[in-house]
Protein chains: 2
Amino acid sequence: MIGVFDSGIGGLTVARALMDCLPGYDIVYFGDTARTPYGSKSPGTVINYSLEDSDFLLKKGAKIIVMACNTASSLATQHVQAKFDVPIFEVITPAVEMAVNCSSTSAIGVIGTRATINSGVYERLIKEKMPEARVFSAACPLLVPLVEEGWMNRPETRMIVKKYLHPLKVRKIQSLILGCTHYPILKPIIARKIGKRVNIIDSSLAVSEKVKDYLGRHPGLEKDLDKNGVFRLFVSDITAQFEKTARHILRKNIVLERDRIKD
Amino acid sequence: MIGVFDSGIGGLTVARALMDCLPGYDIVYFGDTARTPYGSKSPGTVINYSLEDSDFLLKKGAKIIVMACNTASSLATQHVQAKFDVPIFEVITPAVEMAVNCSSTSAIGVIGTRATINSGVYERLIKEKMPEARVFSAACPLLVPLVEEGWMNRPETRMIVKKYLHPLKVRKIQSLILGCTHYPILKPIIARKIGKRVNIIDSSLAVSEKVKDYLGRHPGLEKDLDKNGVFRLFVSDITAQFEKTARHILRKNIVLERDRIKD
């Protein structure tokens, strides 16, 4: 199976993109809803949680792991790669490559959680690939709770998005990386507020293409993956609100299974 | 020591009120910042976390425990009282008593997290003490992230508070219980939006009076409590933002100590 984990439900945008990009492949998802969110927590805590989440997926039969969470990808990728012996994908690099490829000028914007933005990982990776780049980033901590509250298209949400994006807009960025799995859900508002000349880079699409490409180059592993269209969705805590948000993202009825992270 | 725990930093409003009400008494606080918030999580998860938090405080030398978290108080009080053999205080009953005492008409409002409001505990306790009461409640899940973001007096915060309070305002409530430890920080905005005829019930003050009264009636325990003005602040995770919010609430410089919940 393809394993996907996130701090919560937002990473289902990545699972959804994987289903569209690799139809029929079995997927096992883990959302750490009992400890969500990760974006306001410290690097050490995010690393520990990411190691536990990966271990959980491997025990459920994952043969590759996609870290759908931007905060985990920013802070824990090397630790997870060092500990586990399967291919580990993160959502940062694919989005950076896509942004660099579609930007002819050098001004690139990034939005994310406080932990992701503070890590500086986007800026570092963009400059590795495009040394002349000017990177403008903004932490947008209220967008996750707004999405989880279901306020996708309220005036308050539009005001807050506008306020967060203003410092990027005045810099005339050409691409904007959505550096958090929840943000694709707000893409219509974000696109309107940042202006239609800006390319919106959705990391859920970028990482799915990356996985597809990798499997094309590794037929041994590809053959090993089951393709029965199974999708198992584990969470560390279940509430009605999590189920509602999950249905909204996946656009279908789903069954959440609760499981403990540690035995 | 007097032990106080909360899902995060918000419960420092209760620690602050205890310091004012019982000056000089030693206090040990635990904020479960590695798993915050509790208000969006399920009853089973909140109960487990509350038992672990209480156990942590007892190991640090607490002789009584104040559950500063409304969500924990709503869902876990009986479980914590059944497991541990020290006096356990919760923040719901003191606020309910204060609201009932100062309401001559029967319309009482309650605001809190989704988990607290869904538990129905305020409504049940108010009706036990005042059977003719009409209780109007509203879950306000965005207020905690707004406070933690430091947006105490932004136009967006005022709009959101107004929207949440509107259904209570039209019911002409006479008292409004702030059923979450973060809300006293928004008291000025809440008071303005709900109207000046409404009594605002702050559970941090109500529970502190309750503890003081209890100690007056139990001189044996009271004598056993150290009174060196020590305040120890433990958290399960440290970030710059937690420290900033803690300083804002306590109105002084503090040192956060990180410790693990389980050995």
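Remarks
- Residue match in region B:70-91 (condition: touching a Cys at 6+ places or on another chain (Cβ under 7 Å), under 30 Å from B:Arg134 (Cα atoms), crowded, with 24+ Cβ neighbours inside 10 Å and more than 14 Å from every other protein chain (Cβ to nearest Cβ)): yes
- The listed residue being closer than 30 Å to B:Tyr49 by Cα and either within 17 Å of the chain's Cα centre (by Cα) or acidic (Asp, Glu) (or both), out of A:Val46, A:Val110: A:Val46
- Flag if A:Lys223 is touching a helix residue (DSSP H, G or I) at 6+ places or on another chain (Cβ under 9 Å), of a type outside the set (A, V, I, L, M) and either modelled with pLDDT under 95 or farther than 25 Å from A:Val255 by Cα (or both): no
- Among the candidates B:Gly195, B:Gly229, B:Gly220, B:Gly216, residue that is in the same structural domain as B:Pro141 (by TED's automatic domain parsing) and not β-branched (Val, Ile, Thr): B:Gly195
- From the list A:Ile249, A:Ile194, A:Ile201, the lone residue that is touching a Leu at 6+ places or on another chain (Cβ under 7 Å), over 15 Å from A:Val14 (Cβ atoms) and crowded, with 20+ Cβ neighbours inside 10 Å is A:Ile194.
- Picking from residues in region A:45-63 that are surrounded by fewer than 21 Cβ atoms within 10 Å (Cβ to Cβ) and either in contact (Cβ under 8 Å) with a residue 12 or more places away in the chain or farther than 22 Å from A:Arg260 by Cβ (or both), the one that is farthest from the other protein chains (Cβ to nearest Cβ) is A:Lys63.
- Between B:Ser50, B:Ser73, B:Ser54, the distinction of being polar (S, T, N, Q), in contact with a Lys or Arg (Cβ under 8 Å, 6 or more places away or on another chain) and closer than 20 Å to B:Ile9 by Cα belongs to B:Ser54 only.
- Those residues of region A:207-244 which are more than 14 Å from chain B (Cβ to nearest Cβ) and basic (Lys, Arg), in sequence order: A:Lys210, A:Lys212, A:Arg217, A:Lys223, A:Lys227, A:Arg232
- Residue within region B:19-31 that is outside any loop (DSSP other than H, G, I, E, B), within 14 Å of chain A (Cβ to nearest Cβ) and touching a strand residue (DSSP E or B) at 6+ places or on another chain (Cβ under 8 Å) present: yes
- The lone exception for B:Gly150 - which of (1) of a type in the set (Gly, Ala, Ser); (2) under 22 Å from the mean Cα position of the chain (by Cα); (3) at pLDDT 95 or above it fails: (3)
- Within region A:141-206, helices (runs of 4 or more DSSP H) holding 2 or more residues that are within 11 Å of chain B (Cβ to nearest Cβ) and within 16 Å of B:Glu156 (Cα to Cα): A:143-148, A:155-169
- Residue match in region A:122-135 (condition: within 24 Å of A:Asp6 (Cα to Cα), of a type in the set (A, V, I, L, M, F, W, C) and within 14 Å of another protein chain (Cβ to nearest Cβ)): no
- Test for B:Ala133: is it farther than 30 Å from A:Pro155 by Cα and assigned by TED's automatic domain parsing to the domain that holds B:Met98: yes
- A:Arg35 vs. criteria away from chain B (no Cβ under 14 Å) and basic (Lys, Arg): no
- Within region B:234-246, the set of residues being over 20 Å from B:Met19 (Cα atoms) and surrounded by fewer than 16 Cβ atoms within 10 Å (Cβ to Cβ) comprises just one member, B:Ala240.
The values are calculated or read from the model by the stated rules, or taken from the named source; none is laboratory data. Note that the structure is a prediction, hence the values are computed from the model and not measured. Don't worry about glycine lacking a Cβ; one is built from the backbone with ideal geometry, like all the others, and counts go over all protein chains shown.
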